[in-house]
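S.K.: So that we are looking at the same thing, I have put the structure below in structure tokens.
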Amino acid sequence: MRCTFTSGEMLRCGVMAYLFLDVIIHWKAYSSCYAPIQLFHALGYVGFIVATIILRLLTDPGRSEWLVKSLTFFWYWIFTSFMIYLPIQGLIWQIENMTKTKDCVPSNRLPGFTWVWLACMALWGFFMGLMAFAKIRNWIAMRSFRRRMFEYQGLIERGDYEALNQLLEADGDINNRAGLLSVEIDRLTTQKYSQSEEMLSLSHSEQCPICFEDYKNGDEVMTLPKCKHAFHPICIKGWLVKSSLCPMCRANVRTNLYDAHQNQARDPNRGRDLENPLVNNNQA
């Protein structure tokens, strides 16, 4: 994999590398300081270089999956924690120097620059913390969503439509966001297309609304429940694994899958509105 840095990234890394070397060369200039504030500067410069390299590797095309996972783990769980800790430790060191060895930094080393660098590092650490918090929250939500989907799949396989209905009423994410499972897609019916008024009234169109190819006599078409919109099976299956809503009218396919006549006593779709199946028509 070839990693190409932009001119701005190269300039930023060059400046930080120069500042790091400058601190190393003049390390003894801080020898009279109570706390090693020069270490804070050096680690901050290195942190900016490391962040630039990691972000470039994560955004470059052709990167391997194991590299992305490794760098993502390092960024959110190790590097972010360190960059949040570093300005806190730097502030402690700076306060100690101000109280115990004031003016220990020579004037040619820009003593006031430490406060500027502390502010920059604190701001950067704050935004990295927000990013990490959002990532962790999304990770927890995804784990919870997968657990609920596993429970949902088990109810479908057991045919427990009463419990399924309760789960869908309590969990709008599964009902409206999650695509259909393979066992649900298998419940959809297909039929042969023919250029007749009856077929046209069912399909609402002479072409597939997804690929825009005209139907031909004998083509397999898949009809969605209740709304009766028809599509090429391969087209609509590709859509339904990502969304449970009809691409034409936004009717919820999931809650309209079960035959109300065969499962009248346990049908989870009785009294459900087409556009919002979880709202009782009598209460709308």
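The values are calculated or read from the model by the stated rules, or taken from the named source; none is laboratory data. Fair warning: this is a prediction, and the values are worked out from it, not measured in the lab. Quick reminder, even Gly has a Cβ in these numbers, built from the backbone with ideal geometry, and neighbours come from all protein chains shown.
S.K.: Can you pull out the residues in region 69-119 that are of a type in the set (G, A, S) and out of contact with any Gly (no Cβ under 8 Å at 6 or more places or on another chain)?
M.R.: S70, S81, S107, G112, A119
S.K.: Which residues, taken from region 207-241, are under 13 Å from E184 (Cα atoms) and either assigned to a loop (DSSP other than H, G, I, E, B) or not hydrophobic (A, V, I, L, M, F, W, C) (or both)?
M.R.: The answer is L224, P225, K237, V241.
Condition check ((1) in contact with a helix residue (DSSP H, G or I) (Cβ under 9 Å, 6 or more places away or on another chain); (2) exposed (fewer than 14 other Cβ atoms within 10 Å of the Cβ); (3) farther than 30 Å from E65 by Cα) across all residues:
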{"position": "G8", "(1), (2), (3)": "no, yes, no"}
{"position": "L11", "(1), (2), (3)": "no, yes, no"}
{"position": "M16", "(1), (2), (3)": "yes, no, no"}
{"position": "K28", "(1), (2), (3)": "no, yes, yes"}
{"position": "Y34", "(1), (2), (3)": "yes, no, yes"}
{"position": "F40", "(1), (2), (3)": "yes, no, yes"}
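S.K.: Within region 228-236, identify whether any single residue is of a type outside the set (S, T, N, Q), surrounded by 20 or more Cβ atoms within 10 Å (Cβ to Cβ), touching a helix residue (DSSP H, G or I) at 6+ places or on another chain (Cβ under 6 Å) and at pLDDT 80 or above, and answer yes or no.
M.R.: Yes, some residue in region 228-236 is of a type outside the set (S, T, N, Q), surrounded by 20 or more Cβ atoms within 10 Å (Cβ to Cβ), touching a helix residue (DSSP H, G or I) at 6+ places or on another chain (Cβ under 6 Å) and at pLDDT 80 or above.
S.K.: Looking at E96, E157, E162 in this structure, which one is modelled with pLDDT of 85 or more, among the acidic types (D, E) and assigned to a helix (DSSP H, G or I)?
M.R.: E96
S.K.: Quick one: what pairs do we get from region 234-259, first residue on the phi < 0 side of the Ramachandran plot, second part of a helix (DSSP H, G or I), C-beta under 6 Å, 6+ apart or different chains?
M.R.: Sorted first by the residue in region 234-259, then by its partner, the pairs are K237/I185; L240/I185; S244/R254; P247/W239; L257/E184.
S.K.: Taking region 7-38, which residues are under 26 Å from Y76 (Cβ atoms) and in contact (Cβ under 8 Å) with a residue 12 or more places away in the chain?
M.R.: Across region 7-38, the qualifying residues are E9, R12, C13, M16, A17, F20.
S.K.: Only one of (1) closer than 19 Å to D186 by Cβ; (2) at pLDDT below 75 fails for G271. Which number is that?
M.R.: (1)
S.K.: Could I ask something else about it? Looking at S194, S203, S144, which one is of a type in the set (G, A, S), modelled with pLDDT under 65 and surrounded by 11 or more Cβ atoms within 10 Å (Cβ to Cβ)?
M.R.: Details: S194 fails: modelled with pLDDT under 65; S144 fails: modelled with pLDDT under 65.
Only one candidate passes the filter, namely S203.
S.K.: Same structure again: In the list L245, L181, L240, which residue meets the criterion of being under 21 Å from G154 (Cβ atoms) and modelled with pLDDT of 80 or more?
M.R.: Unique residue meeting the criteria: L240.
S.K.: Which residue pairs have Cβ atoms closer than 9 Å, lie 6 or more positions apart in sequence or on different chains, and pair a first residue in region 55-83 that is surrounded by fewer than 10 Cβ atoms within 10 Å (Cβ to Cβ) with a second residue that is not polar (S, T, N, Q)?
M.R.: These pairs meet every condition: P61/M1; G62/M1; G62/R2; S64/M1.
S.K.: Go through region 211-225 and report how many residues are out of contact with any Lys or Arg (no Cβ under 9 Å at 6 or more places or on another chain) and either in contact (Cβ under 8 Å) with a residue 40 or more places away in the chain or surrounded by 15 or more Cβ atoms within 10 Å (Cβ to Cβ) (or both). Can you show your working first?
M.R.: Filtering region 211-225 for residues out of contact with any Lys or Arg (no Cβ under 9 Å at 6 or more places or on another chain) gives 211-216, 223-224.
Pick out the ones that are also either in contact (Cβ under 8 Å) with a residue 40 or more places away in the chain or surrounded by 15 or more Cβ atoms within 10 Å (Cβ to Cβ) (or both) and you get 215, 223-224.
Count: 3.
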